[in-house]
Amino acid sequence: MTSSELVGIISIHDEAFRKELFEAASEVRKLHYGNDVYVRGLIEFTNHCRNNCLYCGIRAGNTLVERYRLTPEQILSCCEDGYQTGYRTFVLQGGEDVGYTPIQIASLVSSIKERYPECAVTLSVGEYSKEVYRLWKDAGADRYLLRHETADATHYGMLHPKNLTLANRIRCLYDLKELDYQVGCGFMVGSPFQTPDHLAKDLAFLKEFKPHMVGIGPFIPHKDTPFAHQPGGTLELTLTMVALTRLLLPDVLLPATTALGSIHPTGRELGILAGANVCMPNLSPEDVRDKYTLYNNKLHTGAESARALSELSSRMESIGYRVVTHRGDHISKRSRKE
Ligand code: 5AD
């Protein structure tokens, strides 16, 4: 498909067309993953961040955030809770926190892998050198999530401070791939100044980079950021981008993101019905969940992990899908038949 054809599709608002698009994406997903929805336990372990991204609620310049940092013991206890509940992937996500050194993160990863050798560990802690990524890979990390945010360098510059560049983001993504991580990139839909052209570029980048995972969610304004008064991304366009991503990368692992679940009561179900196949419930301790506020009105079940998982399972069953708790590796990285 050419870029102008993609721009055309992205700009269509016809309900019947979108319904067909979602059905086609769902069919393609079923070929590879059936009706299975994989779950990953998300541990938001620090909201300290050295960066000042204009859209993000935990940006360094936001002095109104109550900062927290979980200790390794607290993180391991989240893993234990998640493991007992059935999770076999732990995602450690945080701001770029200088209070956690690369060595400390490596030792955290090895402790988790020592205790739960059959579980996958995913890191999502931002931009580092290839040497640091190697250190973490050697410690046992399996996967890495780093959204590219937008594949257009000028647009990237409008969303980020000057010291952050698309070129470095992409360098990180290729380094991670070379190190044999399962790599996730992704972008926000409806971020300020975004045009259909930018979204077509995002899809072209996905096609070229061939990530194992893609995180796509609507931009949601946060009141204490420079983008407080910008409009948020829509459900419709986010679902369209999820479906197009599934069609472009048939076997990709594609989450129905928390942001999608935050703008509509059944946003995650709609994401699955548009081609997504992963959900990432929160395993963070309940008293810190409110503080990891990248955007306002974030989906918050308030439920402890076992209840949250059983609620999610019933929601998925209600639309004809089933939650499975095994590792859920990308097809190209499976060591055994799952
Ligand atoms: N709205 C939606 N998504 C956001 N993110 C950060 N801030 C926002 C926001 N205001 C996303 C970014 C980041 C991921 C962890 O969360 O895409 O990569």
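Considering the stretch 127-157, and only residues there that are within 15 Å of CYS53 (Cβ to Cβ) and within 14 Å of the ligand (Cβ to nearest atom), the residue that is farthest from the chain's Cα centre (by Cα) turns out to be HIS155.
You will find that of LEU176, LEU199, the residue that is within 22 Å of ARG134 (Cα to Cα) and either within 14 Å of the ligand (Cβ to nearest atom) or in contact with a helix residue (DSSP H, G or I) (Cβ under 6 Å, 6 or more places away or on another chain) (or both) is LEU176 and no other. For the stretch 24-64, the candidate set comprises residues that are among the acidic types (Asp, Glu) and under 16 Å from LEU254 (Cβ atoms); within that set, the residue that is farthest from the chain's Cα centre (by Cα) is GLU27. Looking at the stretch 179-196, which of its residues are within 21 Å of GLU127 (Cα to Cα), more than 9 Å from the ligand (Cβ to nearest atom) and not acidic (Asp, Glu)? Answer for the stretch 179-196, where residues must be within 21 Å of GLU127 (Cα to Cα), more than 9 Å from the ligand (Cβ to nearest atom) and not acidic (Asp, Glu): LEU179, TYR181, GLN182, VAL183, GLY184, CYS185.
Annotation note: Cβ proximity below 9 Å between a residue of the stretch 225-245 that is over 18 Å from PRO255 (Cβ atoms) and a residue that is part of a helix (DSSP H, G or I) and within 11 Å of the ligand (Cβ to nearest atom) (sequence gap 6+ or interchain) occurs for PHE227/LEU159; GLY232/ILE263; THR234/ILE263. Consider the stretch 202-235 and keep the residues that are within 14 Å of the ligand (Cβ to nearest atom) and part of a helix (DSSP H, G or I). The one that is surrounded by the most Cβ atoms within 10 Å (Cβ to Cβ) is ASP202. Taken over the stretch 178-222, the residue count meeting the criterion of being basic (Lys, Arg) and touching a His at 6+ places or on another chain (Cβ under 9 Å) is 1. Exactly one residue out of LEU309, LEU248, LEU273 is under 19 Å from the mean Cα position of the chain (by Cα), within 27 Å of PHE45 (Cα to Cα) and buried (at least 16 other Cβ atoms within 10 Å of the Cβ): that is LEU309.
Taken over the stretch 252-305, the residue count meeting the criterion of being in a loop (DSSP other than H, G, I, E, B), within 16 Å of the ligand (Cβ to nearest atom) and among the hydroxyl-bearing types (Ser, Thr, Tyr) is 5. Entry remark, the stretch 93-109: residues being away from the ligand (no atom under 16 Å from the Cβ) and more than 20 Å from HIS326 (Cα to Cα) number 11 in total. Inclusion of GLY95 among residues that are surrounded by 23 or more Cβ atoms within 10 Å (Cβ to Cβ) and over 18 Å from the mean Cα position of the chain (by Cα) is not warranted. Would a scan of the stretch 76-83 turn up a residue that is within 12 Å of the ligand (Cβ to nearest atom) and either over 16 Å from the mean Cα position of the chain (by Cα) or surrounded by fewer than 22 Cβ atoms within 10 Å (Cβ to Cβ) (or both)? No. Yes or no: ARG115 of a type in the set (D, E, K, R) and away from the ligand (no atom under 16 Å from the Cβ)? Criteria met by ARG115. Filtered by the rule that a residue be closer than 17 Å to VAL214 by Cβ and of a type outside the set (A, V, I, L, M, F, W, C), the stretch 231-260 gives GLY233, THR238, THR240, THR245, ARG246, PRO250, ASP251, PRO255, THR257, THR258. What pairs come out if I take residues in the stretch 282-298 that are closer than 13 Å to LEU64 by Cα and pair them with residues that are part of a loop (DSSP other than H, G, I, E, B) and within 10 Å of the ligand (Cβ to nearest atom) whose C-beta lies under 6 Å away, six or more apart or interchain? Filtered contacts from the stretch 282-298: THR293/GLY57; LEU294/CYS56; LEU294/GLY57.
Selection of first residues in the stretch 61-76 that are of a type in the set (Lys, Arg) and of second residues that are surrounded by fewer than 17 Cβ atoms within 10 Å (Cβ to Cβ) and not in a loop (DSSP other than H, G, I, E, B), restricted to Cβ pairs under 6 Å at least 6 apart or on distinct chains, gives an empty result.
FYI, it's all coordinate maths here, none of it is from the lab. On a predicted model such as this, the values are computed, not experimentally measured, just so you know. Ideal geometry is used to build each Cβ from the backbone, glycine not excepted, and the neighbour counts take in all protein chains shown.
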